[in-house]
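Structure first, commentary second.
The values are calculated or read from the model by the stated rules, or taken from the named source; none is laboratory data. In this text the structure is predicted, and so the values were computed from the model without any measurement. Reconstructed Cβ throughout: ideal geometry from the backbone, glycine too, with neighbour counts over all protein chains shown.
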Amino acid sequence: MSESAFRSIEQADVAGKRVLVRVDMNVPMQGGVVRDATRIKRVLPTIKSLVERGAKVILLSHFGRPKGKRVAVMSLRPIAEKMDEMLPGTPVKFAEDCIGADVERAVNALENGNVLFLENLRFHSGEEANDPEFAQALAALGDIYVNEAFSVSHRAHASIDALARALPAYAGVSMMAEISALSGALENPERPVAAVVGGAKISTKISVLGNLVQKFDSVIIGGAMANTFLHAKGVDVGNSLCEADLADTAREILRTAEREGCEILLPVDAVVAKQLKQGAESEVCAIDAVPADSMILDVGPQTVQALTAKLASCKTLLWNGPLGAFEIAPFGAGTFALAREAARLTKARSLVTIAGGGDTLAALNAAGVANDFTYVSTAGGAFLEWLEGRELPGVAALRDK
C-alpha cells in the first residue's frame, strides 16, 4: 500500500482549524507515573507541526480497558501532564471527559496553537462498539481528523474508524512513517529480503508465517516456536516448550515455503538448561542432542554464525520476536548478537531493517541497538495483523478518503 494512497497532515491547511488527533497513549504506568514515554515522543512531531501552523489541537486516546465506565486509575491526566512536560512552551490543557457540554466549552475556548487533551475514550462504551452517535459527538468537536495511532488501527473503534469517515481525514507524521516502512518491507522490498520471526508460540503467528513464506526469500524462525518446527521435522527437543499439536501446521508452512522458494532457517545448535532462571547452569549442544531433561532457551553460536552470514547477503530485514528467553541471562546472547550485526549492517547502509512488537523493542533496547535500526514500530497487534496481510480498519478509513 503506497504512501501516495494517503493524505498527510503536512499537506493540510490547518490554521485556525480544530484538529482531532487520535494518538495511542496506552503507555506503561506505575503509581500514576509514566514509565516509558516512547509513544509520547513518537507523536510530538505531529503535535508540534500543528501548533506551529496555528491549529487548535485536540488529542484523543484510550488507556487500559475500563469497559465503558469511569475508572480513576485509568485517567489520562498523568499522561497529559507528562506530555505538558515534553512540550515546553506549549501548555497542554486537560478536559475531564471526551464528549459533552463541558468539553465543547473547553474546545471553544481554544486559541490557535493551543493543545487540549481529552479524557479516556473508553470511559464510554460507544468507543469500542464503534457507535455512530459517539463518533458524531466526537466529530462535532473538530474540523479535521488525524490518525497518529497505527498501534490501534487494527481496531474498528469509533475514534479509529467511524470518526475518520465523518471528517476530512489525514495520516500523521508517525502514521505515514509506519505505512512507508511496512509497505516497503512487505510489498516492494529491495531483495534479497529476510524475516526474523521469534517468540514463544507458533499459534500466535501462524498467519504471519503463512504470509511471509510466500513473499520473502528467507525466514529465520527462532524462540520457542522454532521448537515446534524442529519437533515437526522429527527432532527431539527434550523438555522444551513445544506445541506438539501444531506439528501438522508447521509441516504445512514448511511445504508452502519450499513450494514458494522461501528458505526456512532453524537453529542448528542451542543453549540449554534444566531451569529457566537467572544464572542457571547451561550448556551448548547440537540441536539433535538436546538432553531429555533440558530446555532450549537460546540459539547457539553456530546458529548465530549462520544467521549472521545470511544477513550479509540480504538487503532488507523484517524482525518480529526474539530468538531466545532474552530477558533472563544468559539466554539473550543469540538475540543480542544478531541484533547488533543487523544494526552494524544498517549503519553501513547495506541493510534496511524494520522491527516491531513489544518483545522485539524490548530485546533491541536490551541489545542497545533500537535506535540503529532503519525503523522500529511501537505497535503490537496492528504490526502482526499487517504482517498477516490483513487490512487494518484505521488504515483503510484513511485510504478510502
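Brief remarks on what is shown
- Some residue of segment 49-64 being outside any loop (DSSP other than H, G, I, E, B), in the same structural domain as Ser153 (by TED's automatic domain parsing), at pLDDT below 95 and hydrophobic (A, V, I, L, M, F, W, C): no
- Qualifying position, being within 18 Å of Ala366 (Cα to Cα) and in a helix (DSSP H, G or I), among Phe331, Phe336, Phe326: Phe336
- Residue identified as under 14 Å from Thr353 (Cβ atoms) and out of contact with any Phe, Trp or Tyr (no Cβ under 7 Å at 6 or more places or on another chain) among Ile220, Ile206: Ile220
- Counting only strands (runs of 3 or more DSSP E) wholly contained in segment 148-243, the ones carrying 3 or more residues that are under 30 Å from Ala270 (Cβ atoms) and of a type outside the set (Asp, Glu) occupy 193-197, 218-221.
- The set of residues in segment 347-359 being assigned to a helix (DSSP H, G or I) and among the small types (Gly, Ala, Ser) consists of Gly358 alone.
- Every residue from segment 360-401 that is assigned to a helix (DSSP H, G or I), of a type in the set (A, V, I, L, M) and under 11 Å from the mean Cα position of the chain (by Cα): Leu361, Ala382, Leu384, Leu387
- Counting residues in segment 25-48 that are farther than 24 Å from Gly380 by Cα and in contact with a strand residue (DSSP E or B) (Cβ under 8 Å, 6 or more places away or on another chain) gives zero.
- Residue match in segment 88-101 (condition: part of a helix (DSSP H, G or I), in the same structural domain as Ala140 (by TED's automatic domain parsing), of a type in the set (Asp, Glu) and surrounded by fewer than 19 Cβ atoms within 10 Å (Cβ to Cβ)): no
- From the options Gly279, Gly238, Gly222, Gly261, residue that is modelled with pLDDT of 95 or more and exposed (fewer than 13 other Cβ atoms within 10 Å of the Cβ): Gly261
- Total residues in segment 102-137, condition over 20 Å from Arg165 (Cα atoms), outside any helix (DSSP H, G or I) and either free of Cβ contacts under 8 Å to residues at least 12 places away in the same chain or among the acidic types (Asp, Glu) (or both): 3
- Pairs with Cβ under 7 Å, 6+ apart, first in segment 239-264 and charged (D, E, K, R), second part of a helix (DSSP H, G or I) and surrounded by 15 or more Cβ atoms within 10 Å (Cβ to Cβ): Glu243/Ile202; Glu243/Thr228; Arg251/Ala232
- Among residues of segment 194-219 being buried (at least 21 other Cβ atoms within 10 Å of the Cβ) and in contact with a Ser or Thr (Cβ under 7 Å, 6 or more places away or on another chain), the one that is modelled with the lowest pLDDT is Ile202.
- Condition met for Leu317 (under 21 Å from Ser218 (Cα atoms), at pLDDT 95 or above and not in a strand (DSSP E or B)): no
- Restricting attention to segment 65-86, the residues that are in a loop (DSSP other than H, G, I, E, B) and either outside the structural domain of Arg122 (by TED's automatic domain parsing) or out of contact with any strand residue (DSSP E or B) (no Cβ under 7 Å at 6 or more places or on another chain) (or both) add up to 8.
- The test for being modelled with pLDDT of 95 or more, in the same structural domain as Ile287 (by TED's automatic domain parsing) and of a type in the set (A, V, I, L, M, F, W, C) holds for Ala250.
- Restricting attention to segment 1-23 and to residues that are at pLDDT below 95 and outside any helix (DSSP H, G or I), the residue that is surrounded by the fewest Cβ atoms within 10 Å (Cβ to Cβ) turns out to be Ser2.
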